[in-house]
Amino acid sequence: MAVCARLCGVGPARGCRRRQQRRGPSETAAADSEADTDPEEERIEAGPARCSLLELPPELLVEIFASLPGTDLPSLAQVCSRFRRILHTDTIWRRRCREEYGVCENLRKLEITGVSCRDVYAKRINPRVKSGRFMKILPDYEHMEYRDVYTCLLHRYRHILGLWQPDIGPYGGLLNVVVDGLFIIGWMYLPPHDPHVGDPMRFKPLFRIHLMERKSATVECMYGHKGPHNGHIQIVKRDEFSTKCNQTDHHRMSGGRQEEFRTWLREEWGRTLEDIFHEHMQELILMKFIYTSQYDNCLTYRRIYLPPSHPDDLIKPGLFKGTYGSHGLEIVMLSFHGSRARGTKITGDPNIPAGQQTVEIDLQRRIQLPDVENLRNFNELSRIVLEVREQVRQEQEAGEGPVPPREPSAKAPDGLPAKDGKESGHGGAEAAEQSASSGQGQPFVLPVGVSSRNEDYPRTCRLCFYGTGLIAGHGFTSPERTPGVFVLFDEDRFGFLWLELKSFSLYSRVQATFQNAAAPSPQAFDEMLRNIQSLTS
């Protein structure tokens, strides 16, 4: 009896509560007077007290249900009418919106200007949208419930959250679809104005989705300068969707195409056409405007992932802004694949379209730059790089694999190769190696005759490697890989010296946090790279 009493939470003098419920008063008194002579038998007869969820108070059920995934709650509502009533509690769905999608707003205390920090920006860049009209197009949050927000908005459009590349011919792009306030907004990320590669990214909204009515999600196109208007989204498959504008007249300006071009030029390049004196650059800009304006009605997007990171990577992989001469700034994804690193274009140009590998770095072929005075001589640097290229060519013709790494596999604590490694090149090698291993870096200057859109590059570098860069004629004709030098400055900046073009590209990391952008596996990331490259090959 003592064992059963302990399991039920009562003292031995009072006996088992569950047995008292089954026995009469006389039997209970007799049982209490009996000695517990066989504890083992009592343990077998009496099990632990069982309690059904139906017996729990409503406030405890609300707490339990709120901790479950939102996708499980509809099934739970089928159990009984009591569960169904409890699942109408809005605090359950508010917690699911917050934990699964990051929604932090309070529907009952939401102010118009607090809908979304970026929605205020969207209003600011559209001065033609009057404040009164802007307020009218906002949802009626006073009569909305979090359950509707979760089921009709967040869960329904969950597959389009993340990073996407629009199919805009060779130009590509970077779209980030996020839950922003109580909206789902597609933000187009744009590089800063050329040649300020170190400036932060710019962004503008392309579309947004929200609940204008209680159970009906509304898609609005944000393109143009007349405010949000009717649009449509079609999810083609898991990794592809398309948008369509149903009111393209909102994209037009009263001044016609000339006003549209001048406005686009200020937003895209931060200047007027008269400020651009290079005739070839003017042609490229005009060509891009004509081509991209054809896609203001309908666009298709394909999912892209951020590259996976490994502890032995040279630097953290990710997205970088890079200078590309007359083409302006473009977005490149740096990823590591064993002994090689690749830079894949997320945005492109008519010569090298988006999706192509703009640079490839051989991490097994480190190049030791000459001292500063000799580095100014382009012929000296060219000789060093061409020696490495000739070695690569001979190995390929002989059918051999790449030579073993010139530096030991062990690395110093700061990620640099060990000090006893040997590199290609001459002049100041020992001093440069010591400074690089100590973390001080090696002096770096561009050789005379090498052009750079941005002269504000670092004057010290950590490491240099042999690499190849992809060049081609207009329309991606006659593509070929030419030798160059990959220059690592620090964790957030690197450069590539194009030997044949005698030009230098400076890259700076995109300092933005992207949600829902991690690849499910390394294989999925590699397949994504192949897919976006095949679209423009």
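Coordinate-derived values only; no laboratory data. Not measured: the values here are computed from a predicted model. Cβ sites come from the backbone with ideal geometry, for glycine too, and all protein chains shown count toward neighbours.
Summary table
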| item | result |
| --- | --- |
| Long-range HN-HN contacts of A354 with modeled amide H, under 5 Å | Y171, G172, G348, D349 |
| Hz values of 3J(HN,Hα) by residue in the stretch 353-362 - Karplus curve (6.51, -1.76, 1.60), Gly and Pro given as x | x, 4, x, 7, 7, 6, 9, 9, 10, 8 |
| Table column - 3J(HN,Hα) (Hz), the stretch 185-191, Karplus curve with 6.51, -1.76, 1.60, x for Gly and Pro | 10, x, 9, 7, 8, 10, x |
| Spin-label model distance (nm) - N230 vs I64, 7 Å beyond Cα toward Cβ | 4.8 nm |
| For M212, distant residues with modelled amide H under 5 Å away | T218 |
| Candidates per trypsin sites (Lys or Arg not before Pro) in the stretch 266-367, loop by DSSP, up to 13 other Cβ within 10 Å | R271 |
| Under-5 Å amide H pairs with R453, H placed in peptide plane, nonlocal only | G325, F504 |
| Approximate shape of the stretch 303-384 as ellipsoid semi-axes (Cα gyration tensor, √5λ), whole Å, largest first | 26, 20, 10 |
| Label-point separation, Y295 to R82 (7 Å along Cα→Cβ), nm | 5.7 nm |
| Alpha carbon convex hull of the stretch 58-98, volume per residue in cubic angstrom | 56 Å³ |
| For the stretch 239-250, 3J(HN,Hα) per residue [Karplus equation, 6.51 cos²θ - 1.76 cosθ + 1.60, θ = phi - 60°, Hz, x = Gly/Pro] | 10, 7, 8, 9, 10, 9, 9, 9, 9, 5, 5, 5 |
| Mean shadow area of the stretch 266-309 over all directions, Cα convex hull, nm² | 5.4 nm² |
| Electrostatic dipole magnitude of the stretch 58-98 [Cβ: Lys, Arg +1; Asp, Glu -1; Cα centre; debye, to 20] | 100 debye |
